[in-house]
Amino acid sequence: MPAPSPDSPQDEQPPTLASTIGTNARVARQRLSLTQADVAKKVGLVTEVYSRLERGRMLPSVRTLHQLATALDTSPDVLMGHVRRPTPPPDSPSVRQLVQQVRKLEERQVKALLHLLPALR
């Protein structure tokens, strides 16, 4: 069998587990409107280390994977790509900004805001 030429299409390699976890962690983090620093702090990692994890450059330990799943409100199975969930469309930048601001409010302020929302429709 002849060797493939450099210009011929190669079989696409499946993503590595590290890249799958990294991609799924990024998607979950963005869904929650969190920064890499936010997640790193929750998981107990330095931001640079978390960034490498999200880029698929390292595999987390089992303990870190569990902490990461908890911080991202998902499961280790989802992060590892074992469970397929429909991906909701991404929020607009203004919606993400609103969510970030609401997270800084006290519970009573959030409740007051909820009472105002029907008047805006």
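The values are calculated or read from the model by the stated rules, or taken from the named source; none is laboratory data. Just so it is clear, the model here is predicted, and its values are computed rather than measured. No Cβ is skipped: glycine too gets one built from the backbone with ideal geometry, and neighbour counts run over all protein chains shown. Please note that ligands, DNA and RNA were not included when accessible areas were found on the heavy atoms of the full protein model with its side chains. Shrake-Rupley method; radii C 1.70, N 1.55, O 1.52, S 1.80 Å.
Quick look at the numbers
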item: Test: Leu68 is part of a helix (DSSP H, G or I) and modelled with pLDDT of 90 or more; result: yes
item: Residue that is modelled with the highest pLDDT [pool: residues in the range 79-99 that are outside any loop (DSSP other than H, G, I, E, B) and open to solvent by less than 100 Å² (accessible area, probe 1.4 Å)]; result: Leu79
item: Val102 surrounded by 17 or more Cβ atoms within 10 Å (Cβ to Cβ) and modelled with pLDDT under 95; result: no
item: Any pair with Cβ under 8 angstrom, 6 or more apart, that starts in the range 39-64 at a residue that is closer than 19 Å to Ser75 by Cα and in a loop (DSSP other than H, G, I, E, B) and ends at one that is hydrophobic (A, V, I, L, M, F, W, C) and open to solvent by 60 Å² or more (accessible area, probe 1.4 Å); result: Leu59/Leu17
item: Residue within the range 14-21 that is on the phi < 0 side of the Ramachandran plot, in contact with a Leu (Cβ under 9 Å, 6 or more places away or on another chain) and open to solvent by 60 Å² or more (accessible area, probe 1.4 Å) present; result: yes
item: Top-ranked residue of the range 13-34 - restricted to ones that are over 8 Å from the mean Cα position of the chain (by Cα) and in a loop (DSSP other than H, G, I, E, B), ranked as farthest from Pro93 (Cα to Cα); result: Gln13
item: Hits in the range 103-121 - residues which are over 22 Å from Asp38 (Cα atoms) and not in a helix (DSSP H, G or I); result: Arg121
